[in-house]
Amino acid sequence: MHLFKYFFTLILVASTLISASDSRPYMTPIINYILSDSSEQNLANAYPFVNEFNVGFGGSSAFPFKSITEGETIWVSAINLAMDNNIEDDIYYGDIKDFNSSAFSKLQDNLKHSKFIVFWFVEGWDESWFNSSKIQVAMDAGYVPVFNYWHFGDKLMQGIPDSAKKEAYAIDNVKVANFLNELNGTKILIMEPEFNKNVILESEENQHLFASILGSAIDVVKANCSDILFSLAMTDTGNRGVNSIYEKCGYENCSLGDKYEWGRPKIIYDDLLDKLDFISFQEMVGEFSRDPSNPGDWENPNPKIYTDDEIGIDFLAQRISNFSAFLNATYNKPVFLPYVAIATATWNDSNANNVIEDSEINHDGWVSKANATYQNLNEMKQTLKDNGLFGYATMELFDNPRHDYGGYQYFMNNEYHLGIVGSGAIDESDAVADGSLYFKGDILEAIFGVTTP
């Protein structure tokens, strides 16, 4: 009798959903997914891009540029960059200082091959930061918006959020759900990327507590928003040394991966697995950064320079492939890389005072390393797909001369060189970029210039 009631209820719910979808055709994929089991193949059937390999870009809903008029800012829409075939002739964008029309045209020619456009919800975000109508136009054209929900951010280093922070988060969950529900079509929400801080992972209790916070957030958003896919993104925090050969890394050397570190958040992922549609991770590397073992305080960082072998930069593409395979095999779900950033500046501490000085920075010192990594990823697309990865996006499209300005700035001066496109604005002395774009090696073509299979 109970079994009959179960199937009767399921049929009733299904018919209600299908009826509702008659007037909302974008509901069809999610209905198909709900009515099937949650296997990887059924997810791919409902959302075909999960069975493909696609790329994207991020950084902002709109990018600020210097204007020819002193004191004004020209905002360049991310959607326009992907969709406007005549952006080089736009009168509004023509007011950008040192506007390079051919460079903007080349950029658009490549970005139109994107599938994912990445946005960020941070603590204190506001609906006015986004142009919902433009995002909808992009969605209607087949683009998939990805929202990184980075609410707690680096403040997680202070420990599990207290009751006041959890209450504020719960309120924000409803705000996020209401905003996303205004967008008709498939959306991706990446929960709390970079969550795997040591203080969160150091005990089973903390992992379960944090999973419960995220689980409640997912439930709230899912209850108030349709046609949305959820994921949880961890940072690749493992050992990267070419000459580090430890059994716990699980590979010939640790530049190829660190299975021990990758497995540390497993309790959180296991607790949330039924709520997650796929698993995510992010990659951010640079030739110099804060010293992880002695980072200093918020305003007085201790910098560290890495050799190529210490940071394993020449093996990053293979590491991404290995990480994808590890996550896919561990959790039996598709894998996504919502943002990757390779900082392109280098630092030579010529006076050995352990203080970064402008004269010691080579803004393009690591362009060749970034270029080689993206070329390798391009050549490995089929392998990446076979390992469960259905795509990746660049964290920053443009170098941002004020990225994380006043924040924790883990990459210090290299925070301003995380993009794949540069300009005449190079550091925090510049408020925004200018229109004299320059392309870093062949990175743009390696990512976007070849249509993915």
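Miscellaneous remarks
- Spatially proximal lysines relative to Lys304 (Cα-Cα < 19 Å; intrachain offsets below 8 disregarded): Lys369
- Projected label distance in nm at Thr330 and Ser203, using a 7 Å step from Cα toward the beta-carbon: 2.2
- Annotation note: chymotrypsin sites (Phe, Trp or Tyr not before Pro) in the stretch 355-453 located in DSSP loop regions with a Cβ neighbour count of at most 14 within 10 Å are Tyr405.
- Simple spin-label estimate for Trp298 and Asp140 gives 4.4 nm between the two label positions (7 Å along the Cα-to-Cβ direction from each Cα).
- Normalising the Debye intensity of the chain to I(0), with uniform scatterers on Cα atoms only, and taking log10 at q = 0.14 Å⁻¹ returns -1.51.
- Applying Stokes-Einstein at 25 °C and 0.890 mPa s to the Kirkwood radius of the stretch 345-414, computed over alpha-carbon pairs, gives a translational diffusion coefficient of 165 µm² s⁻¹.
- Taking 19 Å as the limit for the C-alpha separation, the pairs Lys333/Lys385; Lys266/Lys333; Lys112/Lys175; Lys134/Lys275; Lys165/Lys275 exceed it in the case of Lys112/Lys175; Lys134/Lys275; Lys165/Lys275.
- Modelled this way, with points 7 Å down the Cα-to-C-beta line, the labels at Ser102 and Asn184 are 4.3 nm from one another.
- Net charge of the neighbourhood of Ile68, taken over other residues with C-beta under 11 Å away and scored Lys/Arg +1, Asp/Glu -1, is -3.
- Magnitude of the charge dipole for the stretch 36-449, about its Cα centre and with charges confined to Cβ atoms of Lys, Arg (+1) and Asp, Glu (-1), is about 1040 debye.
- Fully extended contour minus Cα-Cα distance, from Ala431 to Glu127, at 0.36 nm per residue: 107.1 nm
- Relative exposure of Ser128, Ser133, Ser212, judged by other C-beta atoms within 10 Å (fewest first): Ser128, Ser133, Ser212
Taken together, the values in this text are just the output of simple stated rules run on the coordinates, not laboratory data. The structure displayed is predicted, hence computed values, not measured ones. Reconstructed Cβ throughout: ideal geometry from the backbone, glycine too, with neighbour counts over all protein chains shown.
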